[in-house]
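Colleague: I'd like to ask some things about the structure below.
The values are calculated or read from the model by the stated rules, or taken from the named source; none is laboratory data. Note that the structure is predicted; figures quoted are calculated from it, not measured. With ideal geometry, Cβ positions are generated from the backbone for all residues, glycine too; neighbour counts draw on all protein chains shown. For the accessible areas, the whole protein counts, side chains as well, though only heavy atoms, and no ligand, DNA or RNA atoms are used. Shrake-Rupley method; radii C 1.70, N 1.55, O 1.52, S 1.80 Å.
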Amino acid sequence: MSGQDISALMGEVGARIDSTLDSILEQEKTNGAPPRLVEAMAYAVLGGGKRVRGFLVYSAAQLLGGAPGASNEDALLRLGAGYECLHGYSLIHDDLPSMDNAETRRGKPACHIKYGENLAILAGDALQALAFNLMAEAGAEFAADLAKASGASGMVGGQVLDLESETRDFTEAEVQKMQAMKTGALIRGAVVAGGRFGGGRGGGDATELSTLEQYGKLLGRAFQITDDLLDIEGEAGAIGKPKNQDATAGKATLITHLGIEPARAEAKKAIARAKSTLNNLPKTNKKWHQTLEELADYVITRKH
Ligand code: GRG
């Protein structure tokens with residue numbers, strides 16, 4: 001599969017996740033949610049974004065057994081959509097004036113600029129609740145995994161450490177820990193959720209799941225380093241990342257510790273390890289094995 005093919009596959013799976021999200025949000029309206037709230041939720045979660053987390057859920061599930069049958073396929077897309085809802089909530093809150101104070105996201109006004117801070121906060125809250133509802137549909141262990149990935153010992157805890165890094169010097173180990181929680185935990189969670197689903201709805205071989213978890217951890221590390229590189233190298237700003245000098249100034253990253261080229265080398269090393277980790281998984285499903293390998297390369301070669 002060439003680099004172009006992985007983009008096409010990501011686009012195709014991403015479009016199916018988007019249409020799943022679309023119908024889930026329509027259902028929220030039918031359930032009585034205020035239309036303006038659903039509009040703000042849709043604004044944040046649809047219409048942009050690479051769908052990396054949703055694609056990871058989908059690909060890991062396919063690797064470990066797939067989703068035979070139309071209803072299973074739909075359930076898998078809903079699981080991927082749940083990870084995108086959680087991610088969408090995190091981006092809304094991350095852009096708020098009290099957080100990164102970013103005015104744009106994905107090339108458009110940030111949710112709080114478009115809908116006001118109060119509705120944006122509530123749209124984030126509602127997306128988070130929706131994410132857990134989608135996990136609960138798949139099974140209790142999926143909800144528990146997402147709570148661990150996104151809560152105090154995961155993403156939100158990492159964001160707290162990120163704020164702390166503006167007030168004192170972090171060691172390299174502290175930066176690694178903060179990034180593993182803030183960005184890595186959700187990426188790792190998405191891979192594990194997919195593996196669990198593919199391995200048989202909440203079951204799955206423990207060794208295979210822990211191998212996938214290791215792959216997800218390494219991917220998350222490389223993802224955040226690349227994000228920081230894109231921030232300072234400027235390409236992302238043109239495409240729509242929340243390029244905001246205030247937001248990035250004073251924050252600890254691996255680049256501030258190591259410098260640009262050593263940080264890039266660290267990301268490459270993590271990706272090489274992630275790919276060799278995949279060799280511990282069955283190669284019976286060549287297409288998805290190769291997809292996860294190419295996704296690893298994509299993480300460090302992406303332009304936004
Ligand atoms: C509870 C008020 C309150 C705040 C919590 C949740 C949170 C703040 C912060 C999470 C931090 C965060 C947003 C981490 C992810 C950083 C990151 C690399 C985002 C970009 O992800 P991409 O490139 O984005 O996958 P797209 O747009 O492609 O979906």
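Colleague: Which number in (1) at pLDDT 95 or above; (2) open to solvent by 60 Å² or more (accessible area, probe 1.4 Å) marks the one condition that ALA70 misses?
Modeller: (1)
Colleague: Would you mind finding the one in ALA110, ALA129, ALA60, ALA81 that is open to solvent by less than 30 Å² (accessible area, probe 1.4 Å) and more than 30 Å from LEU278 (Cα to Cα)?
Modeller: Values: ALA129 fails: open to solvent by less than 30 Å² (accessible area, probe 1.4 Å); ALA60 fails: more than 30 Å from LEU278 (Cα to Cα); ALA81 fails: more than 30 Å from LEU278 (Cα to Cα).
When all the criteria are applied, what remains is ALA110.
Colleague: Something else about it: Would you say GLU137 is over 18 Å from ALA61 (Cβ atoms), surrounded by fewer than 22 Cβ atoms within 10 Å (Cβ to Cβ) and of a type in the set (D, E, K, R)? Spell out how you get there, then give the answer.
Modeller: Details: over 18 Å from ALA61 (Cβ atoms): no; surrounded by fewer than 22 Cβ atoms within 10 Å (Cβ to Cβ): yes; of a type in the set (D, E, K, R): yes.
No; evaluated as a whole, the condition is false for this residue.
Colleague: Taking the residues in segment 188-230 that are of a type in the set (S, T, N, Q) and more than 12 Å from the ligand (Cβ to nearest atom) as candidates, determine which candidate is modelled with the lowest pLDDT.
Modeller: Here is the first cut: in segment 188-230, the ones of a type in the set (S, T, N, Q) are 207, 210-211, 214, 224, 226.
Subset that is more than 12 Å from the ligand (Cβ to nearest atom): 207, 210-211, 214.
Details: THR207: 87, SER210: 93, THR211: 94, GLN214: 97.
That would be THR207.
Colleague: Quick one: which residue in ASP95, ASP100, ASP18 is among the acidic types (Asp, Glu), more than 26 Å from LYS286 (Cβ to Cβ), free of Cβ contacts under 8 Å to residues at least 60 places away in the same chain and buried (at least 18 other Cβ atoms within 10 Å of the Cβ)? Give the steps one after another, and end with the answer.
Modeller: Numbers: ASP95 fails: free of Cβ contacts under 8 Å to residues at least 60 places away in the same chain; ASP100 fails: free of Cβ contacts under 8 Å to residues at least 60 places away in the same chain.
Exactly one residue qualifies, and that residue is ASP18.
Colleague: Looking only at segment 140-152, decide whether some residue is within 12 Å of the ligand (Cβ to nearest atom), out of contact with any Leu (no Cβ under 8 Å at 6 or more places or on another chain) and open to solvent by less than 50 Å² (accessible area, probe 1.4 Å). Quick ask: steps written out before the conclusion?
Modeller: Here is the first cut: in segment 140-152, the ones within 12 Å of the ligand (Cβ to nearest atom) are 149-152.
Okay, now just the ones that are also out of contact with any Leu (no Cβ under 8 Å at 6 or more places or on another chain), so 151-152.
Of the ones still in play, those that are also open to solvent by less than 50 Å² (accessible area, probe 1.4 Å) are 151.
The answer is yes; a qualifying residue exists.
Colleague: Here's another thing I want to ask about it. Does segment 153-183 hold any residues that are part of a loop (DSSP other than H, G, I, E, B) and within 10 Å of the ligand (Cβ to nearest atom), and which are they? Walk me through it before giving the result.
Modeller: Here is the first cut: in segment 153-183, the residues part of a loop (DSSP other than H, G, I, E, B) are 153-154, 165-171.
Selection gives GLY154 alone.
Colleague: How many of the residues in segment 7-25 are away from the ligand (no atom under 15 Å from the Cβ) and under 20 Å from HIS87 (Cβ atoms)?
Modeller: 9
Colleague: Would you please name the residue that is surrounded by the fewest Cβ atoms within 10 Å (Cβ to Cβ), looking only at residues in segment 25-57 that are among the hydrophobic types (A, V, I, L, M, F, W, C) and farther than 22 Å from ILE187 by Cα?
Modeller: Initial filter on segment 25-57 (among the hydrophobic types (A, V, I, L, M, F, W, C)): 25, 33, 37-38, 40-42, 44-46, 52, 55-57.
From what's left, farther than 22 Å from ILE187 by Cα: 25, 33, 37-38, 40.
Values: LEU25: 21, ALA33: 15, LEU37: 17, VAL38: 18, ALA40: 25.
Within segment 25-57, the match that is surrounded by the fewest Cβ atoms within 10 Å (Cβ to Cβ) is ALA33.
Colleague: Go through segment 43-122 and tell me which helices (runs of 4 or more DSSP H), entirely inside it, have 3 or more residues that are out of contact with any helix residue (DSSP H, G or I) (no Cβ under 6 Å at 6 or more places or on another chain) and more than 13 Å from the ligand (Cβ to nearest atom).
Modeller: Working: elements: 52-63, 70-95, 111-115.
Correct list: 70-95.
Colleague: Tell me, which residue of segment 82-114 that is of a type outside the set (Asp, Glu) and touching a Pro at 6+ places or on another chain (Cβ under 9 Å) is farthest from VAL52 (Cα to Cα)?
Modeller: Initial filter on segment 82-114 (of a type outside the set (Asp, Glu)): 82-83, 85-93, 96-99, 101-102, 104-114.
Add one more test, that the residue is touching a Pro at 6+ places or on another chain (Cβ under 9 Å), and what stays is 91, 102, 104-106, 110, 112.
Details: LEU91: 14, ALA102: 21, THR104: 20, ARG105: 16, ARG106: 14, ALA110: 20, HIS112: 23 Å.
Residue satisfying both the conditions and the ranking: HIS112.
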